[in-house]
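A quick write-up on the structure given underneath.
None of the figures in this text is laboratory data; all of them are computed from the coordinates on show. Because the structure is a prediction, the values reported are computed rather than measured. Counting neighbours? That spans all protein chains shown, and the Cβs are built from the backbone with ideal geometry, glycine included.
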Amino acid sequence: MTKVDEAFLSAFKERVAAQEISRFWELELEEVGPGRAKVSMVCRPKMANILGMVHGSAIFALVDEAFQAAVNGHGTVAVALNMNLTFHAAAKMGERLTAQTQERHAGRRTATYFIEVTDPRGRRIATCQALAYRKDEPLEFAAV
């Protein structure tokens, strides 16, 4: 699949929304395409760690969803091999965080990605370098 059509985007968004993990964290897939994605969430009290700050697992869930969308945005199955997450600043409760994914390299079997999480002011909250394994299987819901 080389270009993303509205039917694919709609099916992809439905798939993401149907995941229990997406509903729990209230993740919103805003954009998806081959090798790119944009996902957002609002930091809520249910995401607090023992210090009252946004728990790292919430931010990782946001990053992982953006990665999952981008790597599968080509219309074929891809899975994570490695993710290296770095926290740069504390997120604030009530703010919307956005994770944007950029594909840096896509080979036949592996692909590398950079994911950046920012707050509404553009402040960097976290970054992630990720490695995906690409399979030759089409996504079952993709119109390829």
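Comparing Gln19, Val117, Val39 along the charge dipole axis of the stretch 1-142, the residue lying farthest to the positive side is Val117, per the Cβ-charge model.
Once the Cβ-Cβ distance between Glu14 and Val77 is put in as r, and R0 is 22 Å, what FRET efficiency do you end up with, to the nearest 0.05? Working from the Cβ atoms, E equals 0.80. Only Lys, Arg, Asp and Glu carry charge here, each on its Cβ (+1 for the first two, -1 for the last two); on that basis the chain has a dipole of about 440 debye about its Cα centre.
Dividing the summed helix terms, -39500 (n - 2.57) for each DSSP H run of n ≥ 4, by the number of residues in the chain produces a 222 nm estimate of -8000 deg cm²/dmol to the nearest 500.
For the chain, the longest principal axis of the alpha carbon atoms and the long axis of helix 56-72 meet at an angle near 20°. Restricting attention to the chain, the count of lysine pairs at 8 or more positions apart or across chains with alpha carbons under 30 Å apart stands at 11. Return the whole-Å distance between the Cα centroid of the stretch 27-78 and the Cα centroid of the stretch 7-21. Rounded to whole Å, the Cα centres lie 13 Å apart. Against the main long axis of the alpha-carbon atoms of the chain, helix 6-18 sits at an angle near 50°. The modelled label-to-label distance between His55 and Lys135, using points 7 Å beyond Cα along the C-beta direction, is 2.9 nm.
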